[in-house]
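Trainee: Right, I'll just put the structure down here and ask away after.
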Amino acid sequence: MTGPSARVLRAVVARRRNLWTVLVALVAALLATLIWLAGRYEDSQFQERLERDVNASVGDLRATFLRHVQSVQALQVNDPTPNSWNIDAASLLREQREFVRIEWRTDDLSVLSHVDTPFRSSVFQRLGRSSVASEVAQACGNARRLSGPAYGTSYFLPLRDGLGVDVMELCLPLSNSGQSAGYLVVTFALQQVLDNLLERKTRPNGQVSFTEGDGTRLVTRGPARSGSRVFTAQQLIDLPGANLVLRMDQWRSTPELFPNVLTALVIAMSVALMLVLALLGKDTRRRLRVERDLAEALAFRKAMEDSLVTGLRARDMQGLTTYVNPAFCQMVGFRADELIGHSLPAPYWPPESIDEYQQRQAIRLAGNLPPRDGFESVFMHQDGTRFPVLIIEAPLIDAQGLQAGWMSAFLDISEQRRVEELSRTSQERLQATARLATVGEMASLLSHELNQPLAAISGYAAGSLNLLHDAPQRDSPLGADLTLAMQRIAAQAERAGKVIKSVRDFVRRRDPEHEVLAPEQLVDAIMPLVNLQARKLSVRVQVQIEDGVPLVRCDRTMMEQVLLNLARNAMQAMDQPQITERLLLLRAYRVQGDGLRQWLEFSLADLGVGIAPAVQQQLFQPFFTTRAEGMGLGLSLCRTVVEQHGGTLRFGANQPMGTVFAFTLPAAAIA
Ligand code: ADP
């Protein structure tokens, strides 16, 4: 497919491809945003959960610290002596693993009694308890100020084995009837507090730590991680006097294929969307292919319509022209836009026929079908010339099977008419020639036949006159009358002879005009007429002229007449319903005659009914015919003409059936 329609189609394809690219990009962007949002939502959920965890753990821790305070306070319930106190404190240390040491101190913070945890060697062995006196003093100062338990800031105690522990002091002020009565100081190991807290909760993917307010990590549990997938939550534990923060670092394991339901859903929807897009794309491609096929079919149809020589016109049920093809426009000389939408009377109707055509249209619009093989009409070209057309009209049925109008095909039959006219006149001319030739033949036959009786009449009249001349009654009135009568008879017979001679001379007046011709020229001259009759009788005509056939000298008109007569007889012999194979074979070839003379023979073979033996006897008799409308002069004329040219006419049976007529002509002497 080339031309503008291909260009338009390419533009459509390119635009569609661009649209598709934009659509796919938009959908991909949308899906990416959705997945990102889903991930963010999920992250925020994770963070929230983490913060809830920290909150709960801080609650736990506060409860734990409260319990510690209560259990330490219980040591002072029954006014203990330092000894009994030591026993109680030792048992408390066994219960509470996070306690490192419990001290009973006086108001001026000197140690009354103390017990160390049995679970580890004393943490103060290396540096001595006095090294951390300021932390103790700070905690107890806080406690005194708050009149309740208070904590000191945490600190690091290096141990002998190169390690160390982070510890914190809890100070409880003791009072005795409103009077300050010393302090109970408890040293915590922060790591133990953290471990005890986490024993109740298991969190594989994270690190939990105590930090100071400025973020310095004191003790941690769990491996450390960093990166974008680590989430952090922290909360101040809010212990009086202490500034301890619980911090949780949680990391999300490497994202799975479907990290959670939401993302999975979004991804599933994305896949479905992509699938739908792919299907749509496939559908579009198929549609495009169909469109291209359709455009090609349309272009082909248009090319067909444009190259058609038959005029085409469609009209709706009101008679408005809805379509004309280029051939129709060319026929009537109007442009398509001048004809489409035009109502009746059409501009190509001759004004003198408008009434008649209107009536015809009225009949057509009333739903009467026109003749199937068409009808003839006359149209007018824009320049005013009239021309005959053959119109074949049929109802135009739409896709719903309803009649939408009329479709008509037009054939300009001017040329056909001209050929018909031509053949009619030449046929008339040939018939006249044939008739003339027949009359001439009759005249010569008659003259031949009448000459002898006339000569006899003259002879008898002369004899009678001689007898009368010598008779004795010669001078009698009767004799004189008889002599006169005899003389008149002789004179009339002579006159009759002259009349006949003059008729013969008239017929024969035209001397045969002999010319030298190629056999093809004779055959070519009769072919148009032979073909005309052959078409009518559905006969196939085959001509075979041998190479190098000699020229002949003959009277062209007479020879053509002979060939035409024989061809007609042959075709008429095949005009029988039972004969289906209708072939006329016309041949011209060289034959060797006696002596040195060259001969040419024409033969016409048919597959007709053949000639019955009874008919053969009388074939060349003038006026013998087996056909109702025949004259019976054709064959005798042919023979006369052929013999006049020095040739012979013969006939015989053809194989497998029919008859062969053949005649010879002497070849023209080559000058
Ligand atoms: P016409 O054609 O007027 O009948 P013709 O003298 O040409 O007169 O033919 C005489 C008759 O000879 C025809 O009526 C026909 O019966 C017979 N005849 C001539 N040619 C053939 C032929 N080729 N095959 C069979 N019969 C023929």
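Trainee: Restricting attention to the range 181-188, does a residue exist that is over 60 Å from the mean Cα position of the chain (by Cα), surrounded by fewer than 20 Cβ atoms within 10 Å (Cβ to Cβ) and not charged (D, E, K, R)? Can you show your working first?
Mentor: Let us first name the residues in the range 181-188 that are over 60 Å from the mean Cα position of the chain (by Cα), namely 181-188.
Still in the list and also surrounded by fewer than 20 Cβ atoms within 10 Å (Cβ to Cβ): 181.
With the extra rule that they be not charged (D, E, K, R), the set shrinks to 181.
Taking every residue of the range 181-188 in turn, at least one turns out to be over 60 Å from the mean Cα position of the chain (by Cα), surrounded by fewer than 20 Cβ atoms within 10 Å (Cβ to Cβ) and not charged (D, E, K, R).
Trainee: Could you list, in sequence order, all residues of the range 548-588 that are acidic (D, E) and touching a residue at least 60 places away in the same chain (Cβ under 8 Å)? Break it down into steps so the answer makes sense when it comes.
Mentor: Quick first cut of the range 548-588, residues acidic (D, E) only: 555, 560, 575, 581.
D555 - this is the single residue of the range 548-588 that is acidic (D, E) and touching a residue at least 60 places away in the same chain (Cβ under 8 Å).
Trainee: Would you confirm, using the coordinates I've provided, whether V219 is β-branched (V, I, T), over 18 Å from F156 (Cα atoms), assigned to a strand (DSSP E or B) and at pLDDT 80 or above?
Mentor: On the way: β-branched (V, I, T): yes; over 18 Å from F156 (Cα atoms): no; assigned to a strand (DSSP E or B): yes; at pLDDT 80 or above: yes.
Here the answer is no, as V219 does not meet what is asked.
Trainee: Now for a different question. Within the range 628-645, how many residues are exposed (fewer than 15 other Cβ atoms within 10 Å of the Cβ), near the ligand (Cβ under 9 Å from one of its atoms) and modelled with pLDDT of 85 or more?
Mentor: Counting residues in the range 628-645 that are exposed (fewer than 15 other Cβ atoms within 10 Å of the Cβ), near the ligand (Cβ under 9 Å from one of its atoms) and modelled with pLDDT of 85 or more gives 0.
Trainee: Taking interchain pairs and intrachain pairs at least six residues apart, which have beta carbon atoms under 9 angstrom, with the first residue in the range 617-640 and farther than 19 Å from G652 by Cα and of a type in the set (K, R) and the second more than 8 Å from the ligand (Cβ to nearest atom) and not in a loop (DSSP other than H, G, I, E, B)?
Mentor: Sorted first by the residue in the range 617-640, then by its partner, the list stays empty.
Trainee: Considering each residue of the range 535-592, count those that are among the hydrophobic types (A, V, I, L, M, F, W, C) and either touching a His at 6+ places or on another chain (Cβ under 6 Å) or over 20 Å from G634 (Cβ atoms) (or both), and give that number.
Mentor: The total comes to 10.
Trainee: Looking at the range 378-394 only, could you name the residues that are more than 35 Å from the chain's Cα centre (by Cα) and touching a residue at least 24 places away in the same chain (Cβ under 8 Å)? Before you say what the answer is, go through the steps one by one.
Mentor: First, pick out the residues of the range 378-394 that are more than 35 Å from the chain's Cα centre (by Cα): 378-390.
The answer is V378, F379, M380, H381, Q382, D383, R386, F387, P388, V389.
Trainee: Only residues in the range 524-547 that are among the acidic types (D, E) count as the first member; pair them with residues that are surrounded by 14 or more Cβ atoms within 10 Å (Cβ to Cβ), Cβ under 6 angstrom, at least 6 apart or cross-chain, and list the lot.
Mentor: As it stands, the answer is E546/Y589, since those pairs meet every condition given.
Trainee: So G548 fits all but one of (1) within 15 Å of the ligand (Cβ to nearest atom); (2) part of a loop (DSSP other than H, G, I, E, B); (3) small (G, A, S); what number is the exception?
Mentor: The number of the failed condition is (1).
Trainee: Of (1) surrounded by 15 or more Cβ atoms within 10 Å (Cβ to Cβ); (2) within 19 Å of E643 (Cα to Cα); (3) in contact with a helix residue (DSSP H, G or I) (Cβ under 9 Å, 6 or more places away or on another chain), V523 satisfies all except one. Which?
Mentor: All conditions pass for V523, except number (2).
Trainee: Anything in the range 395-416 that is without any contact (Cβ under 8 Å) to a residue 40 or more places away in the chain and part of a strand (DSSP E or B)? List them, or say none.
Mentor: P395, I397 - these are the residues of the range 395-416 that are without any contact (Cβ under 8 Å) to a residue 40 or more places away in the chain and part of a strand (DSSP E or B).
Trainee: Take the residues of the range 5-51 that are in contact with a strand residue (DSSP E or B) (Cβ under 8 Å, 6 or more places away or on another chain) and farther than 15 Å from L262 by Cα: which is surrounded by the fewest Cβ atoms within 10 Å (Cβ to Cβ)? Walk me through how you get there before you give the answer.
Mentor: Our first condition is that a residue be in contact with a strand residue (DSSP E or B) (Cβ under 8 Å, 6 or more places away or on another chain); within the range 5-51, this holds for 43, 46-47, 50-51.
Subset that is farther than 15 Å from L262 by Cα: 47, 50-51.
On the way: Q47: 14, L50: 19, E51: 16.
Within the range 5-51, the match that is surrounded by the fewest Cβ atoms within 10 Å (Cβ to Cβ) is Q47.
Trainee: Where residues in the range 116-157 are among the charged types (D, E, K, R) and assigned to a helix (DSSP H, G or I), which of them is surrounded by the fewest Cβ atoms within 10 Å (Cβ to Cβ)? Give the steps one after another, and end with the answer.
Mentor: Filtering the range 116-157 down to residues among the charged types (D, E, K, R) leaves 116, 120, 126, 129, 135, 144-145.
Then keep just the ones that are assigned to a helix (DSSP H, G or I); that gives 129, 135, 144-145.
Working: R129: 17, E135: 20, R144: 15, R145: 12.
By that ranking, first place goes to R145.
Trainee: Hey, another quick one. When V54 is evaluated against the numbered criteria (1) surrounded by 15 or more Cβ atoms within 10 Å (Cβ to Cβ); (2) of a type outside the set (S, T, N, Q); (3) within 45 Å of the chain's Cα centre (by Cα), which criterion, by number, is the only one it fails?
Mentor: Among (1) surrounded by 15 or more Cβ atoms within 10 Å (Cβ to Cβ); (2) of a type outside the set (S, T, N, Q); (3) within 45 Å of the chain's Cα centre (by Cα), V54 violates only (3).
Trainee: Can you pull out the residues in the range 375-391 that are surrounded by 15 or more Cβ atoms within 10 Å (Cβ to Cβ), closer than 13 Å to F328 by Cβ and in contact with a Pro (Cβ under 9 Å, 6 or more places away or on another chain)?
Mentor: The answer is F379, I391.
Trainee: Please determine, by comparing only the residues of the range 616-627 that are on the phi < 0 side of the Ramachandran plot and either of a type in the set (K, R) or more than 7 Å from the ligand (Cβ to nearest atom) (or both), which one is modelled with the lowest pLDDT. Let's see the steps before the verdict.
Mentor: Of the range 616-627, the ones on the phi < 0 side of the Ramachandran plot are 616-622, 624-627.
Restricting the remaining residues to those that are either of a type in the set (K, R) or more than 7 Å from the ligand (Cβ to nearest atom) (or both) gives 616-618, 620-622, 627.
Details: Q616: 90, Q617: 88, Q618: 88, F620: 88, Q621: 82, P622: 75, R627: 84.
Out of the qualifying residues, it is P622.
Trainee: Six or more apart or on different chains, Cβ atoms under 6 Å: show the pairs whose first residue is in the range 254-270 and surrounded by 12 or more Cβ atoms within 10 Å (Cβ to Cβ) and part of a helix (DSSP H, G or I) and whose second is modelled with pLDDT under 70 and not small (G, A, S).
Mentor: Close Cβ pairs (under 6 Å, with a partner that is modelled with pLDDT under 70 and not small (G, A, S)) amount to A264/F258.
Trainee: Test of understanding: among L484, L467, L478, L529, which residue is touching a Ser or Thr at 6+ places or on another chain (Cβ under 9 Å) and modelled with pLDDT under 90?
Mentor: On the way: L484 fails: touching a Ser or Thr at 6+ places or on another chain (Cβ under 9 Å); L467 fails: touching a Ser or Thr at 6+ places or on another chain (Cβ under 9 Å); L478 fails: touching a Ser or Thr at 6+ places or on another chain (Cβ under 9 Å).
Unique residue meeting the criteria: L529.
Trainee: Could you run through the range 162-214 and say how many residues are farther than 19 Å from L127 by Cα and part of a strand (DSSP E or B)? First the steps, then the outcome.
Mentor: First, the residues of the range 162-214 that are farther than 19 Å from L127 by Cα: 170-184, 191-214.
So of that shortlist, the ones also part of a strand (DSSP E or B) come out as 170-176, 179-184, 206-212.
Of the residues in that region, 20 qualify.
Trainee: Here is a follow-up. Are any residues in the range 277-288 hydrophobic (A, V, I, L, M, F, W, C) and either in contact with a Ser or Thr (Cβ under 7 Å, 6 or more places away or on another chain) or exposed (fewer than 12 other Cβ atoms within 10 Å of the Cβ) (or both), and if so, which ones? Don't jump to the end; show me each part of the working.
Mentor: Our first condition is that a residue be hydrophobic (A, V, I, L, M, F, W, C); within the range 277-288, this holds for 277-280, 288.
Within the range 277-288, A278, L279 meet the criteria.
Trainee: With the requirement that a residue be within 16 Å of the ligand (Cβ to nearest atom) and among the basic types (K, R), what does the range 568-599 give you?
Mentor: Scanning the range 568-599 gives R568, R582, R587.
Trainee: Let me ask you something else. Need the failing condition index for T433 against (1) assigned to a helix (DSSP H, G or I); (2) touching a helix residue (DSSP H, G or I) at 6+ places or on another chain (Cβ under 7 Å); (3) within 21 Å of P345 (Cβ to Cβ), just the number.
Mentor: (3)
Trainee: Among the candidates R535, R488, R540, which residue alone is within 30 Å of S444 (Cα to Cα) and among the charged types (D, E, K, R)?
Mentor: Details: R535 fails: within 30 Å of S444 (Cα to Cα); R540 fails: within 30 Å of S444 (Cα to Cα).
On inspection, the qualifying residue turns out to be R488.
Trainee: Looking at the range 600-615, which of its residues are within 9 Å of the ligand (Cβ to nearest atom) and either on the phi > 0 side of the Ramachandran plot or without any contact (Cβ under 8 Å) to a residue 12 or more places away in the chain (or both)?
Mentor: Those that are within 9 Å of the ligand (Cβ to nearest atom) and either on the phi > 0 side of the Ramachandran plot or without any contact (Cβ under 8 Å) to a residue 12 or more places away in the chain (or both): G610, A612, V615.
The values are calculated or read from the model by the stated rules, or taken from the named source; none is laboratory data. These figures come from a predicted structure and were not determined experimentally. Cβ: placed from backbone, ideal geometry, glycine included. Neighbour counts: every protein chain shown.
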